[in-house]
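The values are calculated or read from the model by the stated rules, or taken from the named source; none is laboratory data. The structure presented is a predicted model; accordingly, all values stated were derived computationally and were not measured. In this analysis, Cβ positions are derived from the backbone assuming ideal geometry, glycine residues included, and neighbour counts consider all displayed protein chains. These area figures cover heavy atoms from the full protein model, side chains too; ligands, DNA and RNA do not enter into them. Shrake-Rupley method; radii C 1.70, N 1.55, O 1.52, S 1.80 Å.
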Amino acid sequence: MAGRSIRTFTVLPHLPDRLQALQKIAYNMWWCWNHEAVSLFRRIDDDLFESLENSPVKLLSGIDQARLQQLLHDDGFLVHLDRVEDALNSYMTSATWFQETYHAPDDFRVAYFSAEFGIHESVPIYSGGLGVLAGDHLKAASDLGLPLVGVGLMYREGYFRQYLNVDGWQQESYPENDFFNLPLIPETRDGGAPLMVSIPFPGREVWARIWRIQVGRVPLYLLDTNIPKNNPDDRQITGRLYGGDNDTRIRQEMVLGIGGISALRALGKVPTVCHMNEGHSAFCGLERVRVLMEEKGLTFWAAREAVSAGTCFTTHTPVPAGNDVFPTPLVDHYFSGYIQQLKIDRNEFLGLGRQNPRDENEGFCMTVLAIRLANTTNGVSKLHGGVSRKMWRNIWPELPEAEIPIASITNGVHTRSWLAPELSQLYDRYLGIQWEERPADYGIWKRVDHIPDAELWRTHERRRERLVAFARARLRKQLKRRGAPPAEIARADEVLDPDALTIGFARRFATYKRGTLIFRNLERLSAIINDKERPVQIIFAGKAHPRDHGGKELIAEILHIARRPEFRRRIVFIEDYDINVARHLVQGIDVWLNNPRRPLEASGTSGMKVCCNGGINLSILDGWWVEGYAQDNGWAIGAGEEYTDLTYQDDVESRAIYDLLEQEIVPLFYTRSIDGLPRGWLKVMKQSMSVGCPVFNTNRMVQQYIERCYWPSALRYRTLTADNLKKAEELAQWRRRLGAGWSRVRIEGVEADGADPMQVGKELRVKARVNLGGFGPDDVEVQLFHGLVDSFGEIPKPQTVAMSHNGTQEGTSWAFTGTIPCQSSGQHGFAVRVLPKHNDLANRFEPGLVCWG
């Protein structure tokens, strides 16, 4: 192609004026969670819509002009179109929960950074749960009216497409995204030229173009480096999601974090609060610091105080391998010039990404950087919060694990995106239309009991039939592509039974998720599955990471077992798991199986999607199911045990699955009343809905992020940046003084005034003499740390009492006194400790400095 100058131009579909609203609806992803809008596009050409990944933009590009002329004379279609357009206009302009609840200043804005966003299968820039959660987060923010913008990368190829070879081994293909057949809106400068930002790289600038996808009220801005201005290597930065090596990854994360902040500034959308969804975007904090230093002439430390105040971080992975750690030479290569702009030395910079800042052998971890630059840090379920505190405790080595400042906000799902249209109509009829606006209202979901059993069961059976039809069609397609003989392809129509108990297992095929656990005893499984009176069938789907050999082996094992004569009609693996496959599965299955090794599932959200569709969970007590399981709304595998012998664990837990299937699940499903209804099963279905739906939805989740993270962070950010960042400067100076002088603080004596044993109802008075080493008593909080002592001599559930001083010094030390109430009998213990105290700290444990007596 050298020497050839190719000029480009864009061709858009020609829509008659009366149908222009179709374009407007297609370019706002609101359509994908509005069933009326989806059915509008299906009405144009159902088969074509399905073959084009359910994409309205592709549909409008591919539809025959003659069909458009027909639609112009179809009164029913035009009325439907007007109704959907009116609904979109009303949605975009009506008052919102956030406006009515928070009287935020006009410039309040949250920027939500994520490496992937799963909004709909027609926009393939996601790999799995993290991206789908991010997409659902944007949708809920839109529904609630939260002033939020999304920031991500626009991948040329996205994540891989999966297909299996004859032997069942996963193969990957990377089809290119056709940007001009996606709902992408190019951001432009005043003259119409593409809006671009530059990111400093060693010896060069890398340029990124900005695209926008409108998600209801929320704009999602995506950066794209595949532009002629960049060299061929840099054009590949936004080539693939999670592709390439460490070098590719650090460059992607520089574009996401540093480029993302530059893009928001170029767009005039400067955020009050940045939310980093996983550590991939942690460089955004550094760029905000650099900009503030440049604009206000601040030191790094003062700018960092202000930026951290307005930053939130969510960690998703409970395994160390899931956190990006870059070797020091790689960080040196890409950030040596950047460090100079931050005006700190190399060791101070590297220390930001190390659990122990002084350990030169430790790599640079993006999760640690994110934690150090955040006002709030949270895991994604209560159990995961505890796992995260254990994982990252070395950042605060002096603190007991229970006090590590990592909270939890349990994930949710965007109910309307995952709900079957038929069930949505049932909910409208029996719950009232308020369930859509108030999905977190317990009172509304209690009305699930009003749905007549016969109607609910008929609706669910139709969904199962549709799932079976979908699975058969996908299987036929898979067999044809593999070159299977015609007889085998024809047999695909006999696979699965629309009336049989259907189990779904679909997720990322990481080894810890144990995709083949149910195959531990094939003889026993065969007896369960092939019972003539009470048959059972299983549908699998999921991708293994291209470099995860163990995950690929699990998929191949499922394929080999599914080909055995005794399993051929009962076990199916659907290739290329995506949002479309997930939607069919969660809307049609009876039982959702989940059997990870506890506690390695951070949250999991697929089981939540099952709840709103009346499916029932059968799961290890891990992630969200620890909170979701209520005895009568599904089944727990085990009782939350954790094992060291993994083979023994697999034996025990696979037997538990068989026992539950044989003794509880299969009998309950097939026990029918005189009118043919499984009344007992329907009772559990309704419990699954009424217990799960009001809690595990993204409206509740985003409201909690607003209440616990965004709003407190915005207030603290406003406090620290007021008066030309006066308080940020003061806090930075106080912290430096703290770092220099804390080692001189010590507890010189502790006296307890009380007999041993004490009696319940009495108080133990304690006096401590504390040398504050040059600090005043208002700079610290002296505490009694007390509680019941365990067999290791530790206090696992501590309570604290603040000690007071009378304002007098005794020589070089200060006297502090406090009392411990004796409220229960047993072996109690206490210690005295000193914590630094400052009114502008995010929390008292954040500095990580403790002096113990």
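Cβ-Cβ distances below 9 Å connect the following pairs, each with a first residue in the range 518-530 that is farther than 12 Å from residue 659 by Cα, a second residue that is open to solvent by less than 20 Å² (accessible area, probe 1.4 Å) and among the β-branched types (Val, Ile, Thr), and a separation of six or more residues or different chains: 519/558; 519/561; 520/657; 522/561; 529/536; 529/538; 529/571; 530/536. Counting only helices (runs of 4 or more DSSP H) wholly contained in the range 343-395, the ones carrying 1 or more residues that are within 15 Å of residue 316 (Cβ to Cβ) and not hydrophobic (A, V, I, L, M, F, W, C) occupy 366-372, 382-391. Looking only at the range 480-506, residues that are under 21 Å from residue 529 (Cβ atoms) and either open to solvent by 10 Å² or more (accessible area, probe 1.4 Å) or of a type outside the set (Phe, Trp, Tyr) (or both) come to 16 in all.
Within the range 299-329, the set of residues being assigned to a helix (DSSP H, G or I) and open to solvent by 30 Å² or more (accessible area, probe 1.4 Å) comprises 301, 304, 320, 321, 322, 329. When residue 151 is tested against (1) touching a residue at least 40 places away in the same chain (Cβ under 8 Å); (2) closer than 30 Å to residue 97 by Cα; (3) open to solvent by 10 Å² or more (accessible area, probe 1.4 Å); (4) in a strand (DSSP E or B), just one condition goes unmet, and that condition is (3).
For the range 417-438, does any single residue satisfy the condition of being of a type in the set (A, V, I, L, M, F, W, C), open to solvent by 30 Å² or more (accessible area, probe 1.4 Å), at pLDDT below 90 and under 27 Å from residue 709 (Cβ atoms)? The answer is no; no qualifying residue exists.
Could you count how many residues in the range 154-184 are assigned to a strand (DSSP E or B) and surrounded by fewer than 14 Cβ atoms within 10 Å (Cβ to Cβ)? The qualifying residues number 2. Against the conditions (1) more than 30 Å from residue 711 (Cβ to Cβ); (2) at pLDDT 95 or above, residue 4 satisfies every one except (2). Total residues in the range 125-146 satisfying the condition of being assigned to a loop (DSSP other than H, G, I, E, B) and surrounded by 24 or more Cβ atoms within 10 Å (Cβ to Cβ): the figure is 3.
Across the range 630-650, a minimum of one residue is classified as farther than 24 Å from residue 379 by Cβ, in a helix (DSSP H, G or I) and free of Cβ contacts under 8 Å to residues at least 40 places away in the same chain. Remark: pairs (first residue in the range 734-761, more than 22 Å from residue 809 (Cα to Cα) and without any contact (Cβ under 8 Å) to a residue 60 or more places away in the chain; second residue open to solvent by less than 100 Å² (accessible area, probe 1.4 Å) and among the aliphatic types (A, V, I, L, M); Cβ separation under 8 Å; 6+ apart in sequence or on different chains) = 754/764.
Of everything listed in (1) under 28 Å from residue 470 (Cα atoms); (2) buried (at least 16 other Cβ atoms within 10 Å of the Cβ); (3) among the charged types (D, E, K, R), the single unmet condition for residue 85 is (1). Taking residue 271 and the conditions (1) of a type outside the set (S, T, N, Q); (2) more than 23 Å from residue 142 (Cβ to Cβ); (3) surrounded by 19 or more Cβ atoms within 10 Å (Cβ to Cβ); (4) touching a strand residue (DSSP E or B) at 6+ places or on another chain (Cβ under 7 Å), which numbered condition does it fall short on, given that it satisfies the others? Unmet for residue 271, out of (1) of a type outside the set (S, T, N, Q); (2) more than 23 Å from residue 142 (Cβ to Cβ); (3) surrounded by 19 or more Cβ atoms within 10 Å (Cβ to Cβ); (4) touching a strand residue (DSSP E or B) at 6+ places or on another chain (Cβ under 7 Å): (2). Between 674, 665, 706, the distinction of being outside any helix (DSSP H, G or I) and of a type in the set (A, V, I, L, M, F, W, C) belongs to 674 only. In the range 209-238, the residues that are touching a residue at least 40 places away in the same chain (Cβ under 8 Å) and more than 30 Å from residue 145 (Cα to Cα) form Cβ pairs under 6 Å with partners that are of a type in the set (Lys, Arg) and part of a loop (DSSP other than H, G, I, E, B), at six or more places apart or across chains, as follows: 226/156. For the range 697-729, the tally of residues that are over 30 Å from residue 97 (Cβ atoms) and either in contact with a strand residue (DSSP E or B) (Cβ under 6 Å, 6 or more places away or on another chain) or surrounded by fewer than 17 Cβ atoms within 10 Å (Cβ to Cβ) (or both) stands at 3.
For the range 776-807, taking the residues that are of a type in the set (Ser, Thr, Tyr) and assigned to a strand (DSSP E or B), the one that is most open to solvent (accessible area, probe 1.4 Å) is identified as 804.
Does the range 98-112 include one or more residues that are of a type outside the set (Phe, Trp, Tyr) and closer than 23 Å to residue 380 by Cβ? Within the range 98-112, one or more residues are of a type outside the set (Phe, Trp, Tyr) and closer than 23 Å to residue 380 by Cβ. Taken across the range 58-68, residues that are in contact (Cβ under 8 Å) with a residue 40 or more places away in the chain and within 29 Å of the chain's Cα centre (by Cα) do occur, with at least one present.
Every residue, every condition in (1) more than 28 Å from the chain's Cα centre (by Cα); (2) at positive phi; (3) part of a loop (DSSP other than H, G, I, E, B), yes or no:
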residue	(1), (2), (3)
426	yes, no, no
436	no, no, no
440	no, no, yes
446	no, no, no
456	yes, no, no
478	yes, no, no
492	yes, no, no
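Taking the options 831, 815, 842, name whichever one is of a type in the set (A, V, I, L, M), touching a residue at least 12 places away in the same chain (Cβ under 8 Å) and outside any strand (DSSP E or B). The conditions single out 842. Within the range 804-837, the residues that satisfy the criterion of being within 41 Å of the chain's Cα centre (by Cα), under 16 Å from residue 851 (Cα atoms) and not basic (Lys, Arg) are 830, 831, 832, 834, 835, 836.
For beta carbons closer than 6 Å, sequence separation of 6+ or different chains, a first residue in the range 357-369 that is more than 24 Å from residue 288 (Cβ to Cβ) and a second that is in a loop (DSSP other than H, G, I, E, B), the qualifying pairs are 362/354. From the list 746, 736, the one residue that fits, being open to solvent by 70 Å² or more (accessible area, probe 1.4 Å), modelled with pLDDT of 90 or more and touching a Cys at 6+ places or on another chain (Cβ under 9 Å), is 746. Would you point out the residue of the range 24-41, among those that are surrounded by fewer than 16 Cβ atoms within 10 Å (Cβ to Cβ) and more than 28 Å from the chain's Cα centre (by Cα), that is farthest from residue 121 (Cα to Cα)? Selected residue: 24.
Only one of the listed residues (222, 241) is touching a strand residue (DSSP E or B) at 6+ places or on another chain (Cβ under 7 Å), at pLDDT below 95 and open to solvent by less than 20 Å² (accessible area, probe 1.4 Å). That residue is 241. You will find that of 251, 288, the residue that is of a type in the set (D, E, K, R) and open to solvent by 20 Å² or more (accessible area, probe 1.4 Å) is 288 and no other.
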